[in-house]
Structure formats: structure tokens, C-alpha cells
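Have a look at the structure below before the remarks.
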Amino acid sequence: MKHILLYVVTGMMLAGILQASEVITDKTKLQEIKKANAVLQDPVLTIKGAIEKPKSYVLKLEAKSPRGSQKLTAFLNKETGDLYIGSGYDKEGKEIVFPTDAKIVNEGVSFSYGKGSKDIYLVTDPQCPYCGRFAKAAEGKLDNYRVHVILFPLSFHKKAPAMVEWIMQGKDDTEKKERYEQVMLKGSTEYKSLIKDEKKPFVYSSKAKEKMDASKKAAVELDLRGTPAIYDANFQPVSQQILLNPTTKERK
């Protein structure tokens, strides 16, 4: 991205709850907003949504690079066209957060399990050692939740795509969970039968590729920073300690 400075917006008095505001997604309107500032016309940036305030727009941006995509929040002054990219706070000191698109996140779910009344989302890479540790620590401790698993293979884990493909070949959520546990808890290597040439990038089946493309979009929407990552029903991060430690006060 060329000549983009990141600012922490401390002087903007943008009071109001974004979750209660209507998100603008009309392409014609977003195109008009894009013309207001030269930075927004950079091809690496896409305006995914906007919320109109009295004197400004709160923008949801997606920045693309060779390393992947990143979600950004920006603030566009209607009168001057000035653009601020970074964090913003209302007059009470609460961070202004663009609402997470539940549809995008849910479309990225690989499989779900559990009959609990509370939903949580787990983003995990089957080759990630930290994800493996979490899976073992969480065994039998998530019975009070409905767990939605988003498989997200990191680019530097070369075996992860084959692991994902093997897990996703399960006929239903129950079998996918069983395969996930065989890989994460028991160290199964059955996925290796799917690797035709270890020297070449693994090629997903069309069905698995479609789901992994959706999981990438979900990861951007959640502003994923690493795996494993857990989010509550409102897509707010949940710490592993709170989730797994029964003596810790449970997040409401």
C-alpha cells in the first residue's frame, strides 16, 4: 500500500453504537465514498462497508497484499475528505468497532459439534503445534458449548492442506470431528495418502477449496492474528484460560 499513514483517531467525537447503525453496502454509494480520498482509490484497498455519521463515515476496509488480506477500520471526514486509518474512540473512551459480518464468519465454518447453548468459534490449523496443545487441553471441557470449527491452514505449514482435505472428506460433521480428533489428539497420518507429490503444493478438491476460500474470508472478518483463536457468539476474542479453567469466572 503506497503512502498510507496509520493514525490513532483520538480527536473524533463519533459517539454512538455501530452495531445499532445501518451498514451501507450498496456498490454505487461505496464508489461515491471511494472518490472522496485518493488513498481509497489505491487498488490494494476495497471498501467492504460504511456507516454514516453526522460528519463522517466509518469505513470497513480490506487491504490485500502478497501475504494475505487484512481488515482495517477507517474514518473519512465528509467536509474535508481527510482519511484516518486505525483506531477510533467515542467521547466516552470506548473503541469504535465495525460490526462483524456473521454471514461471512458462518460461511467459513468447516464443521460444528456440541449441544451446548452457547456458541463459540475456534479457528485452528491442524499442523499448528499450539493448536494441537489447545485441542488436547480442551478435550472434554467444551461440553457446555456449541463449537464451530474454522479450519485455517497457515501458509508455512505445508502438510496442513492435506490434513484439512482429509478432515473435510468426512461425510458429515460427526465424522469430520472424529477425523479432526484423530489428527489433533492421536497424531494420525492417514492424510498422507492424499499427497501425490510432496515437492509440489497440495491441490484441494473443489469442495474443500470452496470451503477454504470461505475460511480465509472469515479469518479476515474476525481480524485473525494467529492460531488457535477463540471467539464468542458476538465474535469477541475469548482467552484460553477463561475457556478451559473451570475456576475462572465464565465470560457471559
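Summarising the label geometry, the points placed 7 Å from Cα in the beta-carbon direction at residue 154 and residue 26 lie 4.3 nm from one another.
Placing +1 on the Cβ of each Lys and Arg and -1 on the Cβ of each Asp and Glu in the chain, which of 148, 188, 41 has its Cα farthest towards the positive end of the resulting dipole? The residue sitting most towards the positive pole is 188.
Rolled with a 1.4 Å probe across the full set of protein chains, the surface gives residue 87 an accessible area near 40 Å². For segment 90-97, putting each phi into the Karplus relation 6.51 cos²θ - 1.76 cosθ + 1.60 with θ = phi - 60° gives couplings of 7, 5, 8, x, 8, 5, 8, 10 Hz, in residue order, rounded to whole numbers and with x for Gly and Pro. Between the alpha-carbon centres of segment 34-66 and segment 198-222 there is a gap of 26 Å. For the pair residue 137 and residue 171, label points projected 7 Å from Cα toward Cβ lie 3.6 nm apart.
For segment 103-244, the spread of Cα coordinates along the three principal axes comes to 42, 30, 27 Å, biggest extent given first. In the set (1) 60, 47, 27; (2) 55, 45, 34; (3) 58, 43, 38, the label that goes with Cα extents along the principal axes in Å computed for this structure is (1). Considering only 238, 157, 88, and ranking their Cα positions along the charge dipole of the chain that arises from unit charges at the beta-carbon of Lys, Arg, Asp and Glu, the one farthest toward the positive end is 157. The apolar share of the surface of segment 103-244, taken as the fraction of accessible area on carbon and sulfur atoms (1.4 Å probe, ligands and nucleic acids excluded), comes to 48 percent. Among 140, 114, 170, the largest mean-square fluctuation in a Gaussian network model of the chain, built with springs joining Cα atoms closer than 10 Å, belongs to 140. The angle between the Cα long axis of helix 206-221 and the longest principal axis of the Cα atoms of the chain comes to about 40 degrees, rounded to the nearest 10.
In the context of the full protein assembly, residue 120 retains an accessible surface of approximately 10 Å², using a probe radius of 1.4 Å and ignoring ligands and nucleic acids. Here segment 195-236 is treated with +1 on each Lys and Arg Cβ and -1 on each Asp and Glu Cβ, and its dipole about the Cα centre works out to around 280 debye. With a simple spin-label model that places each label point 7 Å from the Cα along the Cα-to-Cβ direction, the separation between residue 82 and residue 209 comes to 4.7 nm. Using just its DSSP H runs of length 4 or more, each adding -39500 (n - 2.57), the chain gives a mean residue ellipticity at 222 nm of -7500 deg cm²/dmol after division by all residues.
About its Cα centre, the chain has a charge dipole of approximately 480 debye under the convention of +1 per Lys or Arg Cβ and -1 per Asp or Glu Cβ, with nothing else charged.
Looking at segment 76-119, how many pairs of lysines come closer than 26 Å at the Cα, when each pair is eight or more places apart or spans two chains? Close lysine pairs under the 26 Å cut-off: 6. Whole-Hz Karplus values for segment 50-59 come out as 8, 10, 8, 10, x, 10, 7, 10, 9, 10 Hz, taken residue by residue from phi with 6.51 cos²θ - 1.76 cosθ + 1.60 and θ = phi - 60°; glycine and proline positions read x. Please give the solvent-accessible surface of residue 84 in Å², to the nearest 10, using a probe radius of 1.4 Å with every protein chain present. Probe radius 1.4 Å; accessible area of residue 84 about 70 Å².
A 1.4 Å probe run over the protein chains yields, for segment 180-252, 69 Å² of accessible area per residue, whole-number rounding. Taking all protein chains together and a 1.4 Å probe, the residues 100, 174 rank 174, 100 from largest to smallest accessible area. Remark on residue 119: its backbone amide H falls under 5 Å from those of 146, 233, a criterion applied only to residues 5 or more positions apart or on other chains, H modelled at 1.01 Å from N. Computed over protein heavy atoms with a 1.4 angstrom probe, the accessible surface ordering of 125, 119, largest first, is 119, 125.
The values are calculated or read from the model by the stated rules, or taken from the named source; none is laboratory data. As the structure is a computational prediction, the values presented were derived from the model and not from experiment. For neighbour counting, all protein chains shown are included, and Cβ atoms are generated from backbone atoms with ideal geometry for every residue, glycine included. To get the accessible areas, we keep the full protein, side chains included, count just its heavy atoms, and leave off ligands, DNA and RNA. Shrake-Rupley method; radii C 1.70, N 1.55, O 1.52, S 1.80 Å.
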